[in-house]
Amino acid sequence: MEPLDEDFAGGIWDPRLKSYLTGVGRLERSDGEVRMVLEGATSSVYSDAQLDDYHDLPRRRYPWHPPLRMTVRAKASHPASELRGTAGFGFWNNPFPPEGGIPALPRDVWFFFASPPSDMALAMDVPGWGWKAETLDVPRLPFFLLLPTTPIAVLLMRVPALYRLLWPIGQRAIGAAEAILPVDLDEWHTYTLDWLRDSVRFEVDGETVLETSHSPPGPLGFVAWMDNQYAVATPQGRLRFGRLDVPGRQWLALSHLIIEPLE
């Protein structure tokens with residue numbers, strides 16, 4: 001893996017970083033900062049402003065795997081309570097490519113934001129929306145082996161006592177770990193994750209916010225984005241996807257991105 005160190009100064013960036021823009025999504029460049037902007041998005045059209053390093057690559061050739069460290073200096077235009085859609089930065093396997101392609105079971109290790117009505121309550125006692133540190137690693141074979149029992153599992157999860165008893169097993173099976181971040185999204189912060197082979201540690205401004213043994217294997221691709229999407233996926237069987245109106249202007253800005261292999 002070749003290290004990536006981008007301060008977004010000047011007009012030429014690391015050639016591995018490419019934009020993906022759809023709907024009203026756009027990038028705004030300035031010296032030392034890039035903004036992923038949505039303005040006037042409507043629920044009738046998917047809008048996304050994205051920077052990534054994996055487009056046009058098959059998943060087996062995505063560039064990143066553990067052990068590595070990612071450091072990002074970032075800020076959003078609004079606090080988490082006012083943003084609409086999803087946003088964030090980190091690594092994933094692009095499981096449902098919006099431009100088409102073969103879907104995959106999701107794997108990610110990233111800082112992730114989702115606004116209501118999103119509800120992805122995959123970790124016990126953590127809300128299904130908000131500004132989070134998150135890992136997810138849905139395994140291939142166990143997932144398909146469990147499919148015949150899914151209706152029974154969903155019914156069991158709707159009984160609160162059984163949910164609290166049984167869902168920790170399901171959470172471990174899908175490699176889900178999450179923590180709400182105790183910082184304001186609309187202020188500059190330094191976000192760091194150490195993605196190791198057997199653990200992941202997330203820090204904000206040098207303070208650990210989540211440490212977990214759930215570590216997805218690589219390869220994964222880097223992504224930073226803001227879009228107008230929402231998703232509902234709960235242990236109780238609720239599953240829904242859609243788009244939101246974003247009548248005003250909102251953005252996610254990066255001022256520095258470092259990805260470096262670790263020994």
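Condition (residue is in contact with a helix residue (DSSP H, G or I) (Cβ under 8 Å, 6 or more places away or on another chain), surrounded by 15 or more Cβ atoms within 10 Å (Cβ to Cβ) and either more than 24 Å from Arg59 (Cβ to Cβ) or among the charged types (D, E, K, R) (or both)) applied to segment 196-204: is it met by at least one residue?
The answer is no; no qualifying residue exists.
Going by what's in this entry, would Leu244 be described as over 27 Å from Pro66 (Cβ atoms), surrounded by fewer than 14 Cβ atoms within 10 Å (Cβ to Cβ) and more than 17 Å from the chain's Cα centre (by Cα)?
no
Anything in segment 173-204 that is among the acidic types (Asp, Glu) and closer than 23 Å to Trp129 by Cβ? List them, or say none.
Across segment 173-204, the qualifying residues are Glu178, Asp184, Asp186, Glu187, Glu203.
For segment 69-92, give me the residue count where each residue is in a loop (DSSP other than H, G, I, E, B), at negative phi and among the small types (Gly, Ala, Ser).
The number of residues fulfilling the criteria is 3.
Here are the criteria: (1) of a type outside the set (Asp, Glu); (2) part of a strand (DSSP E or B); (3) touching a residue at least 60 places away in the same chain (Cβ under 8 Å). Tell me which single one Pro66 does not satisfy.
(2)
Quickly run through segment 71-123 and pick out the residues that are of a type in the set (Lys, Arg) and under 25 Å from Pro219 (Cα atoms).
Within segment 71-123, Arg73, Arg107 meet the criteria.
Hey, can you tell me all the residues within segment 4-17 that are at negative phi, part of a loop (DSSP other than H, G, I, E, B) and more than 19 Å from the chain's Cα centre (by Cα)?
Residues satisfying the conditions are Asp7, Ala9, Gly11, Ile12, Trp13, Asp14, Pro15, Arg16.
Please determine whether any residue of segment 18-34 is of a type in the set (Val, Ile, Thr), over 18 Å from Gly218 (Cβ atoms), crowded, with 18+ Cβ neighbours inside 10 Å and under 17 Å from the mean Cα position of the chain (by Cα).
No, there is no match, as no residue in segment 18-34 is of a type in the set (Val, Ile, Thr), over 18 Å from Gly218 (Cβ atoms), crowded, with 18+ Cβ neighbours inside 10 Å and under 17 Å from the mean Cα position of the chain (by Cα).
Which of the residues that make up segment 93-127 are exposed (fewer than 14 other Cβ atoms within 10 Å of the Cβ) and either charged (D, E, K, R) or not in a loop (DSSP other than H, G, I, E, B) (or both)?
Glu99, Asp125
Restricting attention to segment 35-63, and to residues there that are in a strand (DSSP E or B) and of a type outside the set (A, V, I, L, M), which single residue is farthest from the chain's Cα centre (by Cα)?
Gly40
Bear in mind these aren't lab numbers, they're just calculated from the coordinates by the rules spelled out. This structure is a prediction, so every number in the text was calculated from the model and none was measured. Cβ: placed from backbone, ideal geometry, glycine included. Neighbour counts: every protein chain shown.
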